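Asks: Dropping the structure in here first, questions after.
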Amino acid sequence: MPPSARNRTTQGELVVHDQRVSWIRDGVLRGRPIYILAHGAGAPYTSPFMQAVAHGLVQREVCVLRFHFPYMERARRDRRRYPPDRPASLVETCRAVVDLATAWLPRAKRSRPPLVVGGKSMGGRMMSMLLAADAAPAVAGAVYLGYPLHAPGRTDKLRKEHLQSIAVPQLFVSGTRDSLARLELLRPIVGALSRAELHVVEGGDHSLSVERKNPLAGSEKWLDAVARFCSTVAAAA
């Protein structure tokens, strides 16, 4: 396939709770898994990290759909910062985006399409809550990039209970220096889950960065792992 076709970009808007939110899809749909990549609490889908993940996965034959939560759309419009919406609103936005992606697919694939959901930090957690509520039966798997297992220094309160209710395969990509997911806590939790695996980024922080001056250094290995996971679960769907 010519690079221009593989890197094709489509943009649009979606209405969630009477609010318009924007989305962008990188890569072509034909026969490829779609990874719905939700942003973290503090940065939009246009952040360097989000763009690098999308473009890296497109080069690995995965179509990537990014979107804004309503509070981030307002922040971009008003050029100021807003706190995240309530979890229920965030999860409802995730549901709407999953429905959007499902509608793109041939009717024969809509009952079990090659959709993988997840995202960076908070975005991944919201997608996991959607899956735990059994509100996205068409999803084939989940990938979390820096799952926020706990708040900084609050290892007494772990965000783990709902993960047991998720039926699809899950991939956790986490750095050894992640202050929001101490590895000695995350590893046994993932190990106790059905159909879950952990990819450890040695020296990686919460953004999976191993070098301060080059935040995307070393991303090739974990992008390979994500692409491989997406392709595997999509093929099994």
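A short reminder: the numbers here are calculations on the coordinates, not readings from a lab. The structure displayed is predicted, hence computed values, not measured ones. Glycine gets a Cβ as well: all are built from the backbone with ideal geometry, and neighbour counts include every protein chain shown.
Asks: Which one of LEU90, LEU57 is buried (at least 19 other Cβ atoms within 10 Å of the Cβ) and closer than 18 Å to ILE166 by Cβ? It would help to see each step written out before you state the result.
Replies: Details: LEU57 fails: closer than 18 Å to ILE166 by Cβ.
None of the other options fit; the residue is LEU90.
Asks: Restrict the check to region 128-143 and report whether at least one residue is in contact with a His (Cβ under 9 Å, 6 or more places away or on another chain), hydroxyl-bearing (Ser, Thr, Tyr) and closer than 19 Å to ASP205 by Cα.
Replies: no
Asks: Could you pull out the residue among LEU185, LEU131 that is of a type outside the set (S, T, N, Q) and farther than 21 Å from PRO87 by Cβ?
Replies: Numbers: LEU131 fails: farther than 21 Å from PRO87 by Cβ.
That would be LEU185, the only listed residue that is of a type outside the set (S, T, N, Q) and farther than 21 Å from PRO87 by Cβ.
Asks: How many of the residues in region 162-190 are within 19 Å of LYS120 (Cβ to Cβ), surrounded by fewer than 18 Cβ atoms within 10 Å (Cβ to Cβ) and without any contact (Cβ under 8 Å) to a residue 24 or more places away in the chain?
Replies: 1
Asks: Hey, among ARG159, ARG81, which residue is closer than 29 Å to SER209 by Cβ and surrounded by fewer than 16 Cβ atoms within 10 Å (Cβ to Cβ)?
Replies: Working: ARG159 fails: surrounded by fewer than 16 Cβ atoms within 10 Å (Cβ to Cβ).
Result: ARG81 is the single residue among ARG159, ARG81 that is closer than 29 Å to SER209 by Cβ and surrounded by fewer than 16 Cβ atoms within 10 Å (Cβ to Cβ).
Asks: Return the residues of region 9-41 that are charged (D, E, K, R) and either part of a strand (DSSP E or B) or free of Cβ contacts under 8 Å to residues at least 12 places away in the same chain (or both); say none if nothing qualifies.
Replies: At the first step, the residues of region 9-41 found to be charged (D, E, K, R) are 13, 18, 20, 25-26, 30, 32.
GLU13, ASP18, ARG20, ARG25, ASP26, ARG30, listed by residue number.
Asks: Ok, one more. For the condition charged (D, E, K, R), in contact with a strand residue (DSSP E or B) (Cβ under 8 Å, 6 or more places away or on another chain) and under 27 Å from ALA101 (Cα atoms), what is the one hit in ARG187, ARG125? Let's see the steps before the verdict.
Replies: Working: ARG187 fails: under 27 Å from ALA101 (Cα atoms).
After ruling out the rest, the residue left standing is ARG125.
Asks: Which residues, counting only those in region 167-205, are in a loop (DSSP other than H, G, I, E, B) and among the hydroxyl-bearing types (Ser, Thr, Tyr)? Give the derivation first.
Replies: Kept after step one, since they are in a loop (DSSP other than H, G, I, E, B), are these residues of region 167-205: 167-169, 176-182, 193-195, 202-205.
THR176, SER179, SER194 - these are the residues of region 167-205 that are in a loop (DSSP other than H, G, I, E, B) and among the hydroxyl-bearing types (Ser, Thr, Tyr).
Asks: Considering only region 203-221, state which residues are surrounded by fewer than 17 Cβ atoms within 10 Å (Cβ to Cβ) and touching a strand residue (DSSP E or B) at 6+ places or on another chain (Cβ under 8 Å).
Replies: In the first step, residues of region 203-221 are kept if they are surrounded by fewer than 17 Cβ atoms within 10 Å (Cβ to Cβ); the result is 203, 211-215, 217, 220-221.
Listed by number, the residues that qualify are GLY203, LYS221.
Asks: OK, next. Which residue, of LEU158, LEU149, LEU208, LEU216, is part of a loop (DSSP other than H, G, I, E, B), under 26 Å from PRO44 (Cβ atoms) and more than 16 Å from the chain's Cα centre (by Cα)? Can you show your working first?
Replies: Working: LEU158 fails: under 26 Å from PRO44 (Cβ atoms); LEU149 fails: more than 16 Å from the chain's Cα centre (by Cα); LEU208 fails: more than 16 Å from the chain's Cα centre (by Cα).
Exactly one residue qualifies, and that residue is LEU216.
Asks: Against the definition (of a type in the set (A, V, I, L, M), buried (at least 24 other Cβ atoms within 10 Å of the Cβ), without any contact (Cβ under 8 Å) to a residue 40 or more places away in the chain and within 20 Å of TRP23 (Cα to Cα)), how does ALA142 come out, yes or no? First the steps, then the outcome.
Replies: Numbers: of a type in the set (A, V, I, L, M): yes; buried (at least 24 other Cβ atoms within 10 Å of the Cβ): yes; without any contact (Cβ under 8 Å) to a residue 40 or more places away in the chain: yes; within 20 Å of TRP23 (Cα to Cα): yes.
The answer is yes for ALA142.
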